Amino acid sequence: MPKAELHVHHVGSAAPHTVAALAARHPDSPVPKDPQALAEYFTFRDFAHFIEVYISVVDLIRDPEDVRLLTYEVGRDLADRNVRYAELTVTPVTSTRRGIAPEAFLEAIEDARVTIERDRGLVLRWCFDIPGELGLPAAEETARMACELRPEGLVSFGLGGPEIGVGRAQFKPFFDRAIAEGLHSVPHAGESSDATSVREAVEALRAERIGHGIRVVDDPALMEELAERGIPLEICPTSNVATRSVPSFAGHPLPTIAAAGVPFSINSDDPPMFGTDIDREYLIAGELLGLDEAGLAELARSAVRQSFLDPAGRTRLVAEIDAHLAGWIR
Ligand SMILES: O=c1[nH]cnc2c1ncn2[C@@H]1O[C@H](CO)[C@@H](O)[C@H]1O
């Protein structure tokens, strides 16, 4: 089915063969050089362990050529799954702090964006996120790159990483700045902590969509508010089980979120790290919600409607989904 992906991380989308090749180039890294060994390396004890492993993979991206290659390959994997539009969460600070000049980093991702659109018709847009564990200085650097060097493909501003001990509200000045520049606010919240973090994301960071947000189920009044205001959650079922943010698929809060009328989209987050892909996430959501083909197509339409794609592009992509569904049912 033609699709839009709204929550997928740049480095977290690197295919095992790409990660293994980068690891072989950088022998000082703890990341296995053998793609087979990566599955075990990508088995997470908890959310903090996931972030530790994630950063070890980030450490493999050391020059603009690594960035260009990674971005193009990620785009190719998305296009192979018939993703037609994706908002890719990119963390520029993790590269600039490893010595890649901001301009060179931006040139590398933009070059890959234009090339993959030309080669495969995939429309890629960026969400620049603050890695929360690096605090306010990283927020400042991210805001500066987003606002002063703003690349053409940039549509939104985010906040990722751990939530415990990393309150959302402290990042307000940086979100204010990004929003004033016309960027959309899309922070992570309520993934590894609680509903308070979702409230802070909505109130202090003026979130237009929320990354994960699953803990909102612990605050029915807030769920009602999200439903009323039409603030969607970006749901990534397998990610939540893999990082042990939820105990099992059976215990995933998605059915409660859907029943409360909170808008949401289905996404893959860091697909190779979680042994999944976007199509599998749709099937899992379909099982959790008891959906048939028409229900799955409606999920795909929701993602398009909640995206920051221009209105003409949204209409086109929804029409493609409708046409696909008609053929599927026949
Ligand atoms: O599921 C996730 N939640 C939060 N951050 C994530 C996730 N997946 C990848 N990152 C990435 O973790 C890095 C460290 O802050 C950031 O680059 C963020 O984008």
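The values are calculated or read from the model by the stated rules, or taken from the named source; none is laboratory data. Keep in mind that what you see is a predicted model, and the values were worked out from it rather than measured. Reconstructed Cβ throughout: ideal geometry from the backbone, glycine too, with neighbour counts over all protein chains shown. Side chains are part of the model used for accessible areas, which takes the heavy atoms of the whole protein and leaves out ligands, DNA and RNA. Shrake-Rupley method; radii C 1.70, N 1.55, O 1.52, S 1.80 Å.
Annotations
- Only residues that are in contact with a His (Cβ under 9 Å, 6 or more places away or on another chain), part of a loop (DSSP other than H, G, I, E, B) and away from the ligand (no atom under 12 Å from the Cβ) were counted in region 160-196, giving 1.
- Phe308 meets the stated requirement of being part of a loop (DSSP other than H, G, I, E, B), away from the ligand (no atom under 16 Å from the Cβ) and under 16 Å from the mean Cα position of the chain (by Cα).
- Taking the criterion of being open to solvent by less than 60 Å² (accessible area, probe 1.4 Å), among the polar types (S, T, N, Q) and out of contact with any Leu (no Cβ under 7 Å at 6 or more places or on another chain), the residues of region 169-196 that qualify are Ser192, Ser193.
- Residue in region 129-142 that is within 17 Å of His188 (Cβ to Cβ), surrounded by 21 or more Cβ atoms within 10 Å (Cβ to Cβ) and of a type in the set (Asp, Glu) present: yes
- Of residues in region 197-208 being within 15 Å of the ligand (Cβ to nearest atom) and within 17 Å of the chain's Cα centre (by Cα), the one farthest from Thr243 (Cα to Cα): Ala207
- Residues of region 319-330 classified as surrounded by fewer than 19 Cβ atoms within 10 Å (Cβ to Cβ) and within 30 Å of Phe157 (Cα to Cα), total: 2
- If only residues of region 95-112 that are open to solvent by less than 20 Å² (accessible area, probe 1.4 Å) and within 22 Å of Glu140 (Cα to Cα) are counted, the one that is nearest to the ligand (Cβ to nearest atom) is Ser95.
- Strands (runs of 3 or more DSSP E) contained entirely in region 197-282, each with at least 3 residues that are open to solvent by 30 Å² or more (accessible area, probe 1.4 Å): none
- Scanning region 120-144 for residues that are more than 14 Å from the ligand (Cβ to nearest atom) and within 19 Å of the chain's Cα centre (by Cα) yields Leu122, Val123, Leu124, Arg125, Ala143.
- Answer residue from region 1-18, given it is part of a helix (DSSP H, G or I) and modelled with pLDDT of 90 or more and is farthest from the ligand (Cβ to nearest atom) among those: Ser13
Residues checked against (1) among the acidic types (Asp, Glu); (2) within 15 Å of the ligand (Cβ to nearest atom); (3) at pLDDT below 95:
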| residue | (1), (2), (3) |
| --- | --- |
| Glu40 | yes, no, yes |
| Asp59 | yes, yes, yes |
| Val83 | no, no, no |
| Thr89 | no, yes, no |
| Val114 | no, no, no |
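- Looking at region 20-84, the helices (runs of 4 or more DSSP H) lying wholly inside it that each contain 3 or more residues that are buried (at least 21 other Cβ atoms within 10 Å of the Cβ) sit at 47-58, 64-80.
- Matching residues, region 209-224, being away from the ligand (no atom under 16 Å from the Cβ) and without any contact (Cβ under 8 Å) to a residue 40 or more places away in the chain: Asp218, Asp219, Ala221, Leu222, Met223, Glu224
- Residues in region 216-270 that are among the hydroxyl-bearing types (Ser, Thr, Tyr) and either within 17 Å of the chain's Cα centre (by Cα) or at pLDDT below 95 (or both): Thr238, Ser239, Thr243, Ser245, Ser265, Ser268.
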